[in-house]
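The values are calculated or read from the model by the stated rules, or taken from the named source; none is laboratory data. Quantities reported herein were computed from a predicted structural model and do not represent experimental measurements. So basically every Cβ, Gly included, is an ideal-geometry build from the backbone, and we count neighbours across all protein chains shown.
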Amino acid sequence: MSPRTRRILGKSIVVTIIAVVATFALSFTARLALQMPIDWLSWVECTFIPILIGMPVSAYIFAQAETIQDTYDKLEKSYAALRETHDRLAFVTSHDQLTGLLSRGEFIARVDRKRDEGECDTLLLVDMDHFSLVNDKHGHAKGDETLIRIAKALVYMTRPGDSIGRLGGEEFGVLLRDLRKDQAMIIAENIRRHIEGIPWVQGRRDDVKVTVSIGGAEIARNGDAEDVLRLAGRCVREAKQRGRNRVSSEFEIAGLRDRAAGSNESRRRG
């Protein structure tokens, strides 16, 4: 006998016993009140009628209840599996498979979020220097390992509320929440130094020094994500033109342009 059958039979017996007792109590009380005789037929009726009626009915009801409970349990398991699959699919579509960081689309969506009045975020673009040399000298497996270690370094050097994404190839994005450029540039410089100091390939004479160039740009309240990305990209190119392994911001570019314009003006006057 299966556990399910034992449960149904046990519940049915309990209900039938209660029905027999209730029938005896009601029938005998009514007979005594009406001064009717209590004969052997009364005992038979009060015993067998509840059994013949109550036992099958209660067994059917409890069987249906068990079926409904089994169906509910199966639906609950299916829902849990479906939710797990949905969460896994959502993670896969919103995260980079190699590094586990946010994908480009998810990262840009977070950059493009609405900000409260007075709130200002800062975007950092982190681009690895001479990434092709790592692949050429050590192979693509070592190149992938390098990207993973850079991703871990970015997670380690930022705050829990910040967002980090891989934007493509060897380019990463860091969204520093509610942080203006002065503090953001300090974090960017710390990131640069941390990555520069990581021992990458030990015991190799042809080791490639791994460094990054970082560009930073503030994101105002109504700032457009693509515009900020382009501005930060210009800062990265400026950092690479100035020798790589350095941090550049929109304000430094503006300062360099102002100094260049002043120098040209001085030459013309001279």
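Filtering 61, 13, 68 for residues that are exposed (fewer than 11 other Cβ atoms within 10 Å of the Cβ) and within 20 Å of residue 2 (Cα to Cα) leaves a single hit, 68. Taken residue by residue, segment 114-125 has no member that is of a type in the set (Ser, Thr, Tyr), in the same structural domain as residue 220 (by TED's automatic domain parsing), touching a helix residue (DSSP H, G or I) at 6+ places or on another chain (Cβ under 9 Å) and without any contact (Cβ under 8 Å) to a residue 12 or more places away in the chain. Restricted to segment 38-58, and to residues that are among the β-branched types (Val, Ile, Thr) and within 13 Å of residue 22 (Cα to Cα), which residue is nearest to the chain's Cα centre (by Cα)? Checked segment 38-58; the qualifying residue nearest to the chain's Cα centre (by Cα) is 51.
The number of residues in segment 140-163 that are assigned to a helix (DSSP H, G or I), among the small types (Gly, Ala, Ser) and surrounded by 14 or more Cβ atoms within 10 Å (Cβ to Cβ) comes to 3.
For segment 92-108, name all the residues that are among the aliphatic types (A, V, I, L, M), in contact (Cβ under 8 Å) with a residue 60 or more places away in the chain and assigned to a helix (DSSP H, G or I).
108
For segment 1-49, name all the residues that are touching a Pro at 6+ places or on another chain (Cβ under 7 Å) and on the phi > 0 side of the Ramachandran plot. Matches in segment 1-49: none. Of the numbered criteria (1) of a type outside the set (A, V, I, L, M); (2) out of contact with any Gly (no Cβ under 7 Å at 6 or more places or on another chain); (3) surrounded by 12 or more Cβ atoms within 10 Å (Cβ to Cβ); (4) closer than 30 Å to residue 146 by Cβ, the one residue 87 fails is (3). Is it the case that residue 133 is in a helix (DSSP H, G or I) and of a type outside the set (Phe, Trp, Tyr)? So residue 133 passes the test.
Let's see how each residue does on (1) of a type in the set (A, V, I, L, M); (2) in a helix (DSSP H, G or I); (3) at pLDDT below 90:
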{"residue": "187", "(1), (2), (3)": "yes, yes, no"}
{"residue": "194", "(1), (2), (3)": "no, yes, no"}
{"residue": "209", "(1), (2), (3)": "no, no, yes"}
{"residue": "213", "(1), (2), (3)": "no, no, no"}
{"residue": "216", "(1), (2), (3)": "no, no, no"}
{"residue": "221", "(1), (2), (3)": "no, no, yes"}
{"residue": "239", "(1), (2), (3)": "yes, yes, no"}
{"residue": "253", "(1), (2), (3)": "yes, yes, yes"}
{"residue": "264", "(1), (2), (3)": "no, yes, yes"}
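For segment 227-242, taking the residues that are under 12 Å from residue 126 (Cβ atoms) and buried (at least 18 other Cβ atoms within 10 Å of the Cβ), the one that is farthest from the chain's Cα centre (by Cα) is identified as 239. Restrict the check to segment 79-102 and report whether at least one residue is among the aromatic types (Phe, Trp, Tyr), at pLDDT 90 or above and not assigned by TED's automatic domain parsing to the domain that holds residue 189. Checked against the condition, which is being among the aromatic types (Phe, Trp, Tyr), at pLDDT 90 or above and not assigned by TED's automatic domain parsing to the domain that holds residue 189, segment 79-102 yields at least one hit.
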